[in-house]
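See structure below.
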Amino acid sequence: MLYSKEVMDHFENPRNIGKMADADGIGEVGNAKCGDIMKMYIKVENDIIVDVKFNTFGCGSAIATSSMATEMIKGKPISEALELSNKAVVEALGGLPPAKLHCSVLAEEAVKAAIKDYYDKNGIAYDAEQFCDGNCAACHAHDHEHAHGHAEEE
Amino acid sequence: MRVYADNAATTRMSETAIAAMLPYMDKIYGNPSSLHSFGQEAAEVLQQARETVAGLLGAESREIYFTSGGSEADNMAIISAARLGAKKGKKHIISSRIEHHAVLHTLDKLKKEGYEITLLEVGREGRVKAEDVAAAIRPDTALVTIMYANNEIGTIQPIKEIGAICKEKGVIFHTDAVQAVGHLDINVKEQNIDMLSLSAHKFHGPKGVGALYCRRGLILTNIIEGGGQERGKRGGTENIPAIVAAAAAMKEACENIEKHAIYVSALRDRLIKGLAHIPHAVVNGSGEKLPGIANFCFEGIEGESLLLLLNKDGIAASSGSACTSGSLDPSHVLLALGLPHEVAHGSLRISLCHYNTIEEVDHIIASVPKVVDYLRDISPVWEALMEGERPHVI
């Protein structure tokens, strides 16, 4: 399996890595059992994400996709950050191996989870349907199916 | 510094093996099946190679079948024993949870054909108990297949005891000895081994060549049909350069087993001691082990990122993390030890050989804690462990 130059760059030199003591929103997604957890911290001023940090337990692409996702939402209005798609993260990274695409989904979910937390903490109303419910079983069940289906084919 | 510490994956060819194969590319290049002198020269060296391999295993030359490697030998042995059993109405096979996929996937295939498979547990130690083998044998057991030594954690299995039990009960005993040949003393007769798989590239021979030892009297099933090579059991013109080099490498390795074991196990022990200060880490598998393999789990981190960062430091190692296997599940071997998924994801296998040096091992000792610290520092799992939100497992 080969990672693109961009993936290796974001893995080896992750942007916005670390924790944030005074975060306005914190989102954690993933599952240690499946091998990846992302935790994202955002600082919000006037509906703008002025700062973002992340910590990730996971493989090279999990770290790279979290790093790229933070780059893509930093300085952006929340409305724009909510539109960040896993596809956009993958494209910005110059592609991911098929088995690693779920990492990009996690990155998208981590951003949304942090924003949801910010909304919750500040009593801001939102449409619950645009967020994942924090239960990763759905995404991971899909991944498992996919992985096993693939194994059957080989 | 660039350090190759993945010798359980494959090894660098020895100078002896390289020198051995060269004449068989442009000087003696006949087809051993040809009647002319070119062919007969090749047939003669093929026979010599077969005698060398047989001699080093305590077998007879006609009991050695050259294959494309360990996987083919495993497939051939298991399929053959299964077919022999079926003829007598025996369709039960005993193996273990820590076998190589060449064994486990072949057993999966047989399961779909109606065979019943018992996979023995190995416990935290990573070792099959001979008494468990004895207890699992039934009147309809066709085969016991247990690896000689495990490729991920290095644990050596009680082969002689299992061989004695199988002999007593009249069950065919196959061992996947891919990690053991050239590293441990093996005698198929003394150990009552009916079938044994080996692969040359694990003992500094070339890739793409291996052998199956099959005791005289056991009838093999062809996996590859062809022109009657290998006593009619494995079609395809023999890869003479590779076979000759395999025999040369095996001879060299077997003649130096003790010398290399002393040197390599000292390096391994230095490594384990040098990394012992890392908290919440464990060395996987215990008891008698291969000299070169050390397998660790580091809590709170994931193996693929560990490997990539070690690679940046010039260190080539391996991991049983899901991400390095292309599936979502971590190594079946580490799970069989009873390690939870999240711990098994954080595994690192360092496998050394006699080409490694103390300086190289010291480079690994310097690099691993640095990388583990960094990955723990950015890991939310480690954070949760440190804050007591998650219980430590190791």
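Calculated on the Cα set of the stretch B:25-81, radius of gyration then Dmax: 13.6, 39 Å.
Per residue, what volume in Å³ does the convex hull of the Cα atoms of chain B enclose?
138 Å³
When the Cα atoms of the stretch B:284-325 are aligned to their principal axes, the ranges along those axes come out at 32, 22, 18 Å in descending order.
Centroid-to-centroid, using Cα positions, the stretch B:280-330 and the stretch B:69-108 are 28 Å apart.
Compute the helix-to-body angle for B:159-169: its Cα long axis versus the longest principal axis of chain B, expressed 0 to 90° and rounded to tens. Approximately 50 degrees, to the nearest ten.
Once you have all Cα-Cα distances for the stretch A:13-92, histogram them in 5 Å bins from zero and send the whole-percent values. P(r) for the stretch A:13-92, in whole percents per bin: 3, 17, 26, 27, 18, 7, 2, 0. Between the helical axis of B:257-275 and the dominant principal axis of chain B, each derived from Cα atoms, what acute angle in degrees is found, rounded to the nearest 10? So the inclination is approximately 20 degrees. Return one number: the angle in degrees, 0 to 90 and rounded to the nearest 10, between the long axis of the Cα atoms of helix B:240-255 and the longest principal axis of the Cα atoms of chain B. The helix B:240-255 is inclined about 60 degrees to chain B. An ellipsoid equivalent to the stretch B:197-278, defined through the eigenvalues of its Cα gyration tensor, has semi-axes of 36, 14, 12 Å when rounded to whole angstrom and sorted largest first. Extension gain for the segment B:Y29 to B:S265, taken as residue separation times 0.36 nm less the Cα-Cα distance, is 81.0 nm to one decimal. In the stretch B:362-394, which GluC sites (Glu not before Pro) fall in coil by DSSP and have 12 or fewer other Cβ atoms within 10 Å? In loop regions of the stretch B:362-394 (DSSP not H, G, I, E or B), the sparsely surrounded GluC sites (Glu not before Pro) are B:E387, B:E389.
For the stretch B:108-173, pairs of C-alpha atoms spaced more than 13 angstrom apart make up 64 percent of the total.
Please identify the GluC sites (Glu not before Pro) of the stretch A:52-122 that satisfy two criteria: DSSP loop assignment and at most 16 other Cβ atoms within 10 Å. Which are they?
Listed in order of number, the matching sites are A:E83.
Take the convex hull of the alpha carbons in the stretch B:214-351; its mean projected area over all directions comes to 12.5 nm².
Other residues whose C-beta falls under 14 angstrom from the C-beta of B:E116 contribute a net charge of +3, scoring Lys and Arg +1 and Asp and Glu -1. Calculated FRET efficiency, B:M386 to B:E255, Cβ-Cβ distance, R0 = 45 Å: about 0.30 to the nearest 0.05. If you wrap a convex hull around the Cα atoms of the stretch B:36-123, how much volume per residue is inside, in Å³? Here the figure is 142 Å³ per residue.
Can you give the translational diffusion coefficient of the protein assembly as shown in µm²/s, computed by Stokes-Einstein from the Kirkwood radius over Cα pairs at 37 °C and 0.692 mPa s? Estimated diffusion coefficient is 129 µm²/s. Among the DSSP beta bridges whose two residues both lie in the protein assembly as shown, what percent are antiparallel, rounded to the nearest 5? The antiparallel fraction comes to roughly 65 percent. Here chain B is scanned for trypsin sites (Lys or Arg not before Pro) in DSSP loops (not H, G, I, E, B) that have at most 13 other Cβ atoms within 10 Å, and the longest stretch holding none of them is B:217-394. Normalised size of the stretch B:93-244, defined as Cα radius of gyration per 2.2 N^0.38 Å with N residues, equals 1.05.
The spread of Cα positions in the stretch A:5-141, taken along each principal axis and listed from longest to shortest, comes to 39, 30, 25 Å.
Once the C-beta distance of B:R62 and A:A88 is scaled by a Förster radius of 56 Å, the resulting FRET efficiency is 0.30 to the nearest 0.05.
Every read-out reported here was derived from the displayed coordinates using simple, explicitly stated rules and does not represent laboratory data. Quick caveat, the model's predicted, so the values are computed rather than measured. Backbone-built Cβ (ideal geometry, glycine too); neighbour counts: all protein chains shown.
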